[in-house]
Amino acid sequence: MLRRHFFLAAALVVLVVMVLAGVWKLTLGKAAAPGAGGGPPAAAQAGAGRGGPAAGRRGAGAFGGPPLVSVASISTHAFTDQLEVLGVAKGRRSVTLTAATTQLVDKVRFTDGQSVRSGAVLVELRNSEQDAGLAQAQAALVQADRAFQRYRTLNQQGWSSKAQLDQFEAAWRSAQANVAAARARQNDRMIRAPFAGVVGLSDVAPGALVNPGAPIVTLDDVSTIRVDFQVPERYLAQLRQGQAITATVDAYPGEAIHGRVAMLDSRIDERTRAITARAEFPNPARRLKPGMMVRVGLAQGQRQSLAAEESAVSVQGNSAFVYVLHAIGPRTVAEQRTVVTGLRQEGLVEITEGVKTGDRIVADGLNKIQPGQPVRVAGQRRPGAPTGSGGVQGRVGAGARPGA
């Protein structure tokens, strides 16, 4: 029992000694702090006057300062009201070539993407039977022609009747028709280009079996691209044949394609209450491809309105605002102002309310400033900043000098 109380008392004594040692160290550290390495406090104050810690804190604040922003001015710009509709590009003439009969492919006379002339033979089907049929029909025609000529001579001499001459003439004309039919069957084995254009990709090769209606290759006249699009009935008065239009495609962002309205449909769709218009766009470089999605813009007039750069307008929900710059004494302050926006064209935003011509606004970097915050304008010297080549050290010294 006595031994247990002895160990408990010893533990308490050790704990008290440790607490007293900690308090003594803290007291000694506070007493040595003003000397900063054993030196007197006066030396520390002198060091602060020459750019020590206090001066360093002032210089850092002066160097950071208000955020740096670029400035734009509110000015007027011509905005064009446009009706934008969607359409699909097609060639001036487009067709998918097929076979008229079931037969094996004998020869392929084109390469993928090749430009072909009108009437060029693209694919030859096997025509051995048709060649034999044509030869047989031609032989029968020769025999019928000789018989007809013979009986016509006899009829002229009075040795044959008119009925016999008519019978042999009918046989001769029937033989001519048989030859024409045999040639037509032979031509069915020749697949030709119905117009000049560019053939597409094809998997048809010699020896392949083709069936009627099965696609062999596509042919497109892409010298001019056509786009059919729907226009609501209420805009019919603003649409006319020959009207200039512009279009854009996703493949060439920011590039305007110019064309014209080639034709208007003769009827308005009763279900959609829209009329179909056909636009044509020249395509000499073949950059436009059939099947592209095209956004067609129909101009509805121009107007002059106030405009600002898109980067200067911030949108939050249903509201839009800009930061208008005001000079308050030596400072430039950014005021957040709500505006009403309109069209967006060519990197500009139409502003109908909230600002006036000549107002200076923050052009970019809206996320780094707050309403009513002082800012620095790019290219403008801060008030009180040195004009010499002191650099950062000159600005720090200037900031420390008043408190020295």
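The values are calculated or read from the model by the stated rules, or taken from the named source; none is laboratory data. All of these numbers come straight from a predicted model, not from anything done at the bench. Cβ: placed from backbone, ideal geometry, glycine included. Neighbour counts: every protein chain shown.
Within the stretch 92-121, take every residue that is of a type in the set (A, V, I, L, M, F, W, C) and within 13 Å of Asn187 (Cβ to Cβ) and give me the one that is surrounded by the most Cβ atoms within 10 Å (Cβ to Cβ). If you could, list the steps in order and put the result at the bottom.
In the first step, residues of the stretch 92-121 are kept if they are of a type in the set (A, V, I, L, M, F, W, C); the result is 95, 97, 99-100, 104-105, 108, 110, 116, 120-121.
If we keep only those that are within 13 Å of Asn187 (Cβ to Cβ) as well, we get 99-100, 121.
Details: Ala99: 21, Ala100: 14, Val121: 13.
Applying the filter and picking the extreme gives Ala99.
Determine which member of the set Asp188, Asp220 is under 22 Å from Val294 (Cα atoms), acidic (Asp, Glu) and in contact (Cβ under 8 Å) with a residue 24 or more places away in the chain.
On the way: Asp188 fails: under 22 Å from Val294 (Cα atoms).
That would be Asp220, the only listed residue that is under 22 Å from Val294 (Cα atoms), acidic (Asp, Glu) and in contact (Cβ under 8 Å) with a residue 24 or more places away in the chain.
Listed residues Arg185, Arg189; which is within 30 Å of Arg92 (Cβ to Cβ), of a type in the set (D, E, K, R), surrounded by 15 or more Cβ atoms within 10 Å (Cβ to Cβ) and modelled with pLDDT under 90? Don't jump to the end; show me each part of the working.
Numbers: Arg185 fails: within 30 Å of Arg92 (Cβ to Cβ).
Of Arg185, Arg189, the one residue that is within 30 Å of Arg92 (Cβ to Cβ), of a type in the set (D, E, K, R), surrounded by 15 or more Cβ atoms within 10 Å (Cβ to Cβ) and modelled with pLDDT under 90 is Arg189.
What single numbered condition from (1) loosely packed, with under 13 Cβ neighbours inside 10 Å; (2) within 30 Å of Gln345 (Cα to Cα) fails to hold for Leu83?
(1)
Could you list all residues from the stretch 276-311 that are over 30 Å from Asp364 (Cβ atoms) and among the small types (Gly, Ala, Ser)?
At the first step, the residues of the stretch 276-311 found to be over 30 Å from Asp364 (Cβ atoms) are 276-294, 296, 298-301.
Passing the criteria: Ala277, Ala279, Ala285, Gly291, Ala299, Gly301.
On the basis of being of a type in the set (Gly, Ala, Ser), assigned to a strand (DSSP E or B) and within 30 Å of Arg376 (Cβ to Cβ), does Ala277 make the cut?
Working: of a type in the set (Gly, Ala, Ser): yes; assigned to a strand (DSSP E or B): yes; within 30 Å of Arg376 (Cβ to Cβ): no.
Here the answer is no, as Ala277 does not meet what is asked.
Within the group Pro40, Pro66, which residue is modelled with pLDDT under 70 and not hydroxyl-bearing (Ser, Thr, Tyr)? Working first, answer last.
Numbers: Pro66 fails: modelled with pLDDT under 70.
Being modelled with pLDDT under 70 and not hydroxyl-bearing (Ser, Thr, Tyr) holds for just one of Pro40, Pro66, which is Pro40.
If the requirement is being in a loop (DSSP other than H, G, I, E, B) and either more than 23 Å from the chain's Cα centre (by Cα) or without any contact (Cβ under 8 Å) to a residue 60 or more places away in the chain (or both), which of these qualifies: Ala285, Ala307? Steps first, answer last, please.
Numbers: Ala307 fails: in a loop (DSSP other than H, G, I, E, B).
Only one candidate qualifies: Ala285.
Check the stretch 138-151 and report whether any residue there is among the hydroxyl-bearing types (Ser, Thr, Tyr) and exposed (fewer than 14 other Cβ atoms within 10 Å of the Cβ). Let's see the steps before the verdict.
Here is the first cut: in the stretch 138-151, the residues among the hydroxyl-bearing types (Ser, Thr, Tyr) are 151.
Narrowing further to those that are exposed (fewer than 14 other Cβ atoms within 10 Å of the Cβ): none.
No, every residue in the stretch 138-151 fails to be among the hydroxyl-bearing types (Ser, Thr, Tyr) and exposed (fewer than 14 other Cβ atoms within 10 Å of the Cβ).
If you take the residues of the stretch 217-266 that are of a type in the set (Ser, Thr, Tyr) and more than 22 Å from Gly197 (Cα to Cα), which of them is modelled with the lowest pLDDT?
Taking the stretch 217-266 first, the residues of a type in the set (Ser, Thr, Tyr) are 218, 223-224, 235, 246, 248, 252, 266.
When the remaining residues are screened for being more than 22 Å from Gly197 (Cα to Cα), the result is 235, 246, 248, 252, 266.
Details: Tyr235: 86, Thr246: 89, Thr248: 92, Tyr252: 91, Ser266: 91.
Only one residue tops the list, namely Tyr235.
If you go through the stretch 239-276 one residue at a time, how many are touching a His at 6+ places or on another chain (Cβ under 6 Å) and on the phi > 0 side of the Ramachandran plot?
Residues of the stretch 239-276 that are touching a His at 6+ places or on another chain (Cβ under 6 Å), as a first pass: 246.
In the following step, the residues that additionally are on the phi > 0 side of the Ramachandran plot were identified as none.
The qualifying residues number 0.
Residues to consider are Ala363, Ala400; find the one that is surrounded by 15 or more Cβ atoms within 10 Å (Cβ to Cβ), modelled with pLDDT of 50 or more and touching a helix residue (DSSP H, G or I) at 6+ places or on another chain (Cβ under 9 Å).
Details: Ala400 fails: modelled with pLDDT of 50 or more.
That would be Ala363, the only listed residue that is surrounded by 15 or more Cβ atoms within 10 Å (Cβ to Cβ), modelled with pLDDT of 50 or more and touching a helix residue (DSSP H, G or I) at 6+ places or on another chain (Cβ under 9 Å).
Looking at Gln156, is it in the same structural domain as Asn127 (by TED's automatic domain parsing), loosely packed, with under 12 Cβ neighbours inside 10 Å, modelled with pLDDT of 85 or more and among the polar types (S, T, N, Q)? Outline the logic, then answer.
Values: in the same structural domain as Asn127 (by TED's automatic domain parsing): yes; loosely packed, with under 12 Cβ neighbours inside 10 Å: yes; modelled with pLDDT of 85 or more: yes; among the polar types (S, T, N, Q): yes.
Yes; evaluated as a whole, the condition is true for this residue.
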